[in-house]
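See structure below.
Please treat every number below as a calculation from the coordinates, not as lab data. This structure is a prediction, so every number in the text was calculated from the model and none was measured. In this analysis, Cβ positions are derived from the backbone assuming ideal geometry, glycine residues included, and neighbour counts consider all displayed protein chains.
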Amino acid sequence: MRRLVPFLGVALAVFAWHLAVVMTGTRLVPSPWAAVRAIGELAQKGLLLKYIVASLFRVTWGYFLALLLAIPFGIALGTWRRGELAVNPLIQVLRPISPLAWIPIAILWFGVGDLSAVFLIFLASFFPLTVTAMQAVHNIETIHLSAGTNFGLSRPQLLVRVILPAILPQLVVGMRLALGVAWLVVVAAEMIAVNSGLGFLIVDARNAGDRYDLVVAGMILIGAIGVVLDLLMRRLETLDFVRWGYASE
Amino acid sequence: MKVRFSNINHHFGSTRVLDRIDLDVKEGEFVCILGPSGCGKSTLLNIVGGFVKPSEGEVRIDDEPVTGPDPRRIFVFQERGVFPWLDVEQNISFGLFKLPEGEQRRRIDHYVQMVGLKGFEHAYPRELSGGMKQRLEVARALAVNPDVLYLDEPFGALDSITRLQMRRELLRIWEAERKTILFVTHDIEESVQLADRVVVMSQRPARIQKIVPIDIPHPRDLSDPRYIALRDSIFGEIGLAHQV
Amino acid sequence: MKSVERYLLPVLTAMVLIALWHLAVIATGTNIFPSPAAVAKGIFHLAEKSLLWSYIGDSIMRVVFGYGAAVILGIPLGILLGWYPALGRLVNPVIQMLRPISPLAWMPLAVIWFGVSNVAPIFLIFLASLFPLLVAAMDGVRNVPPMFLQAGRNFGLSVPQLMRRVVFPAILPRLLVGLRIAFGIAWLVLVAAEMIAVDSGLGYLIIDSRNAGKRYDLVVGGMLLIGIIGLAFDTMFRRAERLARAE
Ligand SMILES: Nc1ncnc2c1ncn2[C@@H]1O[C@H](COP(=O)(O)OP(=O)(O)OP(=O)(O)O)[C@@H](O)[C@H]1O
Ligand SMILES: [Mg+2]
């Protein structure tokens, strides 16, 4: 019974949606069934997979590029006080610039296309990841660093055997949050800067003939993929090498 | 002489912490450093450990000046020093990376046994009690076969029963391996139970107020009049009447 | 020495970066991408025309309304869901499904429901901040140590008193972090919404400057303003967190 409660919640919500559409007699907002049919239509036209792959492709590139650069950069700043003093204020000013505000510049530099979107996602993930890595290094217990040096570790050994494992739990959480933001940004970027992907699907469905069933179908797909990404990242948080970092279970 | 402090002065900013500390520790000796909270005991231990550079003076070990931390001399922190991301075996083998595989294995097994963690080889620190973590940290230190151990209130966070057991364990290990031990505590009973000599420090800026040799063989009988007399003399030294 | 470094170093890096930017503009001979001086001049012009102030005002007004509504609704609702676990189990899956829908994906629906007006972006900002706040409050309440609640009951507190004197203070630190993160997302969404759905505000400034005459000096100027205002809000939130922790 207990395990059914969550499904009940979703079912109730869908039912309420259906009722609302029927009762208001609106023709703009589709019923749940119409949205499902719209997903079927996309699949038939071969657009479903194409758009999903396009969106995921952009996120993957932008996000992994950011991981690759931001984590070493953040660790370097975290261990080198002068470097942090010099660079941190700039990061703090650049960070709150909505990645989408870079759209005009992205288009100027990279044109309308995948590269622009990848660049925006890169920006969206780079700053939060850098800050997370830097903070995580600050949060390492001095005792652990002292113990590491006491056992005669060299700097590179200290990095691999103490600093990295110590920051991993916080890093994994930061990676999940950053992926969430990246997913949000790809949708927006696709609405403005490219001609494919789930974000494009939504604006296009609306502009080309007010197909609100396709709009809602796109939203459902975006939500579903977002959930899957989030769940995958949460999986990482249950692994032994990070679990110690999350207080009392 | 194993460890020689000569004329150590130390201050943090304008706070003077240590005032002309001179002390010699013999090879294999168990020395307790006792003093009121905040007087500078940890600072002194951090200096001999190589983690803090004294404002003045120097420490020599085996007649070489201390310039930094060294794996021949291991610092044991209150149980918080174990690495939470490693299991018991991995913690014990943390400092053994220069040894061949077989020797690592041998030492891990030996020290797991010695500190009574058999059956917990693959447990993570979060699955251990405070006392077990403390023993793990001692095992990790002993495994690299250091000649000196520094312990900073190692049993301070344990309950009183575990603390008594840990003292007995430490003495057993010390008698088996004869390390030189510098042990910081603010527990008078503890120092008299463990040490060959108790170094009593004054309020900050800490001077060595008195050095009390405890010439009672182990195991020590806590109702022995000699024990009680020594203990009370230290209580008197610190300016406390031995009454609650 | 240390405190001198603290101010000198960032100023120095900023100067170096601005110099590099300036040089890059000269070296590439671009006449599209603005030099730092051009950006400063552009902002100056806007400021004179008072258009800038009304844009800033519009942006802040939208974020305050959307975010404010999310706070007023989301936090009590989140506390409620955390307090009654059965209700939480029922509603949580719906939240978890709606949450990852990029708020901007709601744009077409927002436009049919509210028209092209201020309400549409406010609604998007509301959505963007609502879910993180709901979740922060709900998780916060679930993680209040049972000991605190027992102690509260032990001293004879009623449920409303328990809420006010135990639950709320206990979740406050987490809540403040959630508030800050939610604001960050709201700020991000605001800019995007203004680029698409309205004709004022800093987001609009950026997209309009590009479309109407490739005024990239104003684009970059707008970006800097967005960064600086965002930073000011972020700093405020961090202050509040520190105050709450110090108490
Ligand atoms: N890194 C530091 N910077 C500035 N002051 C310090 C630092 N470390 C210690 N102090 C100060 O030096 C004095 C001695 O500290 P220390 O930790 O050595 O005392 P302690 O004798 O170990 O105390 P306790 O018994 O409470 O552990 C204290 O007044 C402390 O505030
Ligand atoms: Mg101390």
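Using the Cα gyration tensor of region B:69-139, with a ≥ b ≥ c the square roots of its eigenvalues, what is the shape: rounded (a/c below 1.5), prolate (a/b larger than b/c) or oblate (neither)?
oblate
How large is log10 I(q)/I(0) at q = 0.14, 0.15, 0.16 Å⁻¹ when the Debye formula is applied to the Cα atoms of region A:30-248, each weighted equally and without solvent?
-0.90, -0.98, -1.06
Sequence-distant or interchain residues sharing an amide H contact under 5 Å with B:Gly57, placed H: which?
B:Asn9
Which angle from 0 to 90°, rounded to the nearest 10, does the C-alpha axis of helix C:51-83 make with the longest principal axis of chain C?
20
Please list 3J(HN,Hα) in residue order for region A:128-133, calculated via the Karplus relation 6.51 cos²θ - 1.76 cosθ + 1.60 where θ = phi - 60°; whole Hz, with x for glycine and proline.
x, 5, 4, 5, 4, 4
For chain B, state the average projected area of the convex hull of the C-alpha atoms over all orientations, rounded to one decimal in nm². Please report the intermediate quantities before stating the final value.
Details: hull surface 55.6 nm².
The orientation-averaged projected area of the Cα hull of chain B comes to 13.9 nm².
Computed over the Cα atoms of region A:1-158, what is the ratio Rg over Rh, Rh following Kirkwood?
1.18
Running a GNM on chain A with Cα contacts under 10 Å, which residue among A:Val131, A:Val87, A:Val185 ends up with the highest mean-square fluctuation?
A:Val87
Bins of 5 Å, beginning at zero and ending with the bin holding the largest distance: percent of Cα pairs per bin for region C:81-129, please.
Pair shares across the bins are 5, 21, 21, 16, 14, 12, 8, 3.
When Rg is the radius of gyration of the Cα atoms in the protein assembly as shown and Rh is its Kirkwood radius, what does Rg/Rh come to? All intermediate terms of the calculation are to be shown ahead of the outcome.
Details: Rg = 31.9 Å, Rh = 30.1 Å.
Dividing the radius of gyration by the Kirkwood radius yields 1.06.
What does the C-alpha gyration tensor say about the overall shape of region A:55-117? Classify as rounded when a/c is under 1.5, otherwise prolate if a/b is larger than b/c, or oblate.
Here region A:55-117 falls in the oblate category.
Taking every DSSP beta bridge that has both residues in the protein assembly as shown, what percent is antiparallel when rounded to the nearest 5?
50
How many nm is it between the label spots at C:Ala14 and B:Asp63, if each spot is 7 Å from the Cα in line with the beta carbon?
5.9
Return the loop-located chymotrypsin sites (Phe, Trp or Tyr not before Pro) in region A:1-99 (DSSP other than H, G, I, E, B) with at most 15 other Cβ atoms within 10 Å of their own Cβ; answer none if there are none. Show your work: numbers first, answer last.
On the way: sites: A:Phe7, A:Phe15, A:Trp17, A:Trp33, A:Tyr51, A:Phe57, A:Trp61, A:Tyr63, A:Phe64, A:Phe73, A:Trp80; in loops: A:Trp80.
Here the chymotrypsin sites (Phe, Trp or Tyr not before Pro) that fit, given the DSSP loop and packing criteria, are A:Trp80.
Calculate the translational D of region A:125-198 in whole µm² s⁻¹ from Stokes-Einstein, where the hydrodynamic radius comes from the Kirkwood formula applied to all Cα pairs, the temperature is 10 °C and the viscosity 1.306 mPa s.
111
Between the alpha-carbon centers of region A:127-154 and region C:104-140, tell me the distance in whole angstrom.
39
Through the Karplus equation 6.51 cos²θ - 1.76 cosθ + 1.60, θ set to phi - 60°, convert the phi angles of region C:84-91 into ³J(HN,Hα) values in whole Hz; use x for Gly and Pro.
9, x, 5, 4, x, 4, 6, 8
Out of all Cα-Cα pairs in region C:40-246, roughly what percent, to the nearest whole number, are more than 24 Å apart?
Looking at region C:40-246, the distances longer than 24 Å represent 50 percent of pairs.
Summarise the partner chain shielding of B:39-52 as one whole number: the mean count of Cβ atoms from other chains within 10 Å of each residue's Cβ.
Counting Cβ atoms of other protein chains within 10 Å of each residue's Cβ and averaging gives 1.
By how many degrees, 0 to 90 and rounded to 10, does the Cα axis of helix B:225-238 deviate from the longest principal axis of chain B?
Between helix and principal axis, roughly 70 degrees.
First check a/c for region A:176-226, with a ≥ b ≥ c the square roots of the eigenvalues of its C-alpha gyration tensor; if it is under 1.5, answer rounded, and if not, answer prolate when a/b is larger than b/c or oblate otherwise.
Note, shape of region A:176-226 comes out oblate.
Within 10 Å of each candidate Cβ there may be at most 13 other Cβ atoms; applying that plus a DSSP loop requirement, which GluC sites (Glu not before Pro) in region B:5-79 survive?
B:Glu27
Considering every residue in C:113-120, what mean count of other chain Cβ atoms within 10 Å of its Cβ is obtained?
So the per-residue partner count for this stretch is 0.
Please compute, for peptide A:222-231, the average count of beta-carbon atoms on other protein chains lying within 10 Å of each residue's beta-carbon.
4
So, in nm, how far is label A:Leu159 from label A:Trp80 when the simple model puts each one 7 Å beyond its Cα toward the Cβ?
Distance between the two pseudo-spin positions: 1.0 nm.
Contour minus end-to-end for B:Lys98 and B:Asp24, with contour as 0.36 nm per residue of separation and end-to-end as the Cα-Cα distance?
Result: 23.5 nm gained on full extension.
Restricting to DSSP loop positions (anything but H, G, I, E, B) with no more than 15 other Cβ atoms inside 10 Å of their own Cβ, which trypsin sites (Lys or Arg not before Pro) remain in region C:171-247? Walk me through the intermediate numbers first.
Values: sites: C:Arg174, C:Arg180, C:Arg210, C:Lys214, C:Arg215, C:Arg238, C:Arg239, C:Arg242, C:Arg245; in loops: C:Lys214, C:Arg215.
In loop regions of region C:171-247 (DSSP not H, G, I, E or B), the sparsely surrounded trypsin sites (Lys or Arg not before Pro) are C:Lys214.
Work out the FRET efficiency for B:Ile216 and B:Met1 from their Cβ-Cβ distance, taking R0 = 25 Å, and round it to the nearest 0.05.
After rounding to 0.05, the efficiency reads 0.55.
What are the ³J(HN,Hα) couplings of region C:171-184, residue after residue, when phi is run through the Karplus curve with 6.51, -1.76, 1.60 and θ = phi - 60°? Round to Hz, x for glycine and proline.
So the Karplus estimates, Gly and Pro as x, are 8, 3, x, 4, 4, 5, 4, x, 4, 5, 4, 4, 5, x Hz.
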